[in-house]
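Enquirer: Below: one structure in structure tokens.
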Amino acid sequence: MRNVGFTDLITGERKIIDLLALVKFRGQQTCLIIHVENQSYTESDFARRMFFYFAKLHQEYLLPIYPIVVFSFDEPKRSEPRQYQVEFSNLKVLEFNFTAIQLNQLNWRDFLQQQNPVAAALMAKMQIAPQDRPKVKAECLRLLATLRLDPARTRLISGFVDTYLRLNATEEQVFGRELDSMGLIEEEQVMEIVTSWMETGMQRGTQKLVLRLLNRRLGTLEPSLEQRVSELPLEQLEALGEALLDFTEISDLVNWLNQPEGTSLDRN
């Protein structure tokens, strides 16, 4: 379905709904709309916003709306409100409810046997004891190997897992042993994913180092310049890491970035 949104009358912000699906009841011709919203941070008036979404959708489509929220933040651990009410002492005007899936209250072990690509991704945001982090990442890989998804979906899910479950050097060693004990170390698909994670980790590390050196040498970069540097591929980041030793002012960086292939800056 097309993008739907509304302007919050309180804040003036334009809100865009995350996901809508028009579906049919099983065995019936009647349609309904499933609305899924991902909430990555806690928000005091979120339940009210969900009601505004519901009212907007119901007004526009005049169909039953089934609202679902996925709370994906790490903190706080408390249960988030999942109801919006308007009532007086003698009258309950409104009671709006939605289904809530709060990942930080779910145990990753409960999803190990589910042949579901979404479970493989979302395990990375569930309750994980510090010592279990390498095992969870290995289990996500095991699920992906079992599901045999197409390359695009595999990249999407493995990228999600790597973004939200980054391991330090010690954890990486434990992770490798976990893969070996599961018999996955020789799986071609698994090794492709692991190689991709390693390359992404190198990209992130180089990016952070180059930005730190640029800020130290030229002063704090404007957000637009920092964004341009962040978008460089690994090879150009490495070239910039060498070239910046000759930079004395911001214009040197701008000139380097504006060159066709990010070649070294000619100062003669």
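Enquirer: If you go through segment 33-47, how many residues are over 12 Å from Val69 (Cα atoms) and outside any loop (DSSP other than H, G, I, E, B)?
Expert: 1
Enquirer: Determine if segment 158-172 includes at least one residue that is more than 20 Å from the chain's Cα centre (by Cα) and either assigned by TED's automatic domain parsing to the domain that holds Arg78 or at pLDDT below 85 (or both).
Expert: Yes, there is a match, as at least one residue in segment 158-172 is more than 20 Å from the chain's Cα centre (by Cα) and either assigned by TED's automatic domain parsing to the domain that holds Arg78 or at pLDDT below 85 (or both).
Enquirer: Return yes or no: is Arg82 touching a residue at least 12 places away in the same chain (Cβ under 8 Å) and touching a Phe, Trp or Tyr at 6+ places or on another chain (Cβ under 6 Å)?
Expert: Taking the combined requirement at face value, the residue satisfies it.
Let's see how each residue does on (1) acidic (Asp, Glu); (2) exposed (fewer than 13 other Cβ atoms within 10 Å of the Cβ); (3) modelled with pLDDT under 80; (4) not assigned by TED's automatic domain parsing to the domain that holds Glu43:
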| site | (1), (2), (3), (4) |
| --- | --- |
| Thr99 | no, yes, no, no |
| Arg133 | no, no, no, yes |
| Ile193 | no, no, yes, yes |
| Glu199 | yes, yes, yes, yes |
| Leu211 | no, no, no, yes |
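Enquirer: Assuming Val118 fulfils every condition listed in (1) at pLDDT 85 or above; (2) more than 30 Å from Glu75 (Cβ to Cβ) apart from one, which condition is it?
Expert: (2)
Enquirer: Can you tell me which residues in segment 102-111 are loosely packed, with under 15 Cβ neighbours inside 10 Å and over 13 Å from Asp74 (Cβ atoms)?
Expert: The answer is Asn107, Asp110.
Enquirer: Sticking with this one: Looking only at segment 81-131, filter to residues that are of a type in the set (D, E, K, R) and assigned to a helix (DSSP H, G or I); which one of those is nearest to His58 (Cα to Cα)?
Expert: Lys125
Enquirer: Can you say whether Lys15 is more than 24 Å from Lys137 (Cβ to Cβ) and either part of a loop (DSSP other than H, G, I, E, B) or among the basic types (Lys, Arg) (or both), as far as the supplied structure shows?
Expert: The answer is yes for Lys15.
Enquirer: If I ask for residues that are in contact with a Cys (Cβ under 9 Å, 6 or more places away or on another chain) and of a type in the set (Gly, Ala, Ser), which ones from segment 120-158 would you list?
Expert: Hits for segment 120-158 are Ala120, Ala121, Ala124, Ser158.
Enquirer: Among (1) within 16 Å of the chain's Cα centre (by Cα); (2) within 21 Å of Gln105 (Cα to Cα), where does Glu139 come up short?
Expert: All conditions pass for Glu139, except number (1).
Enquirer: Look at segment 57-67 and say how many of its residues are touching a strand residue (DSSP E or B) at 6+ places or on another chain (Cβ under 7 Å) and either in a helix (DSSP H, G or I) or crowded, with 16+ Cβ neighbours inside 10 Å (or both).
Expert: 5
The values are calculated or read from the model by the stated rules, or taken from the named source; none is laboratory data. Quantities reported herein were computed from a predicted structural model and do not represent experimental measurements. Cβ: placed from backbone, ideal geometry, glycine included. Neighbour counts: every protein chain shown.
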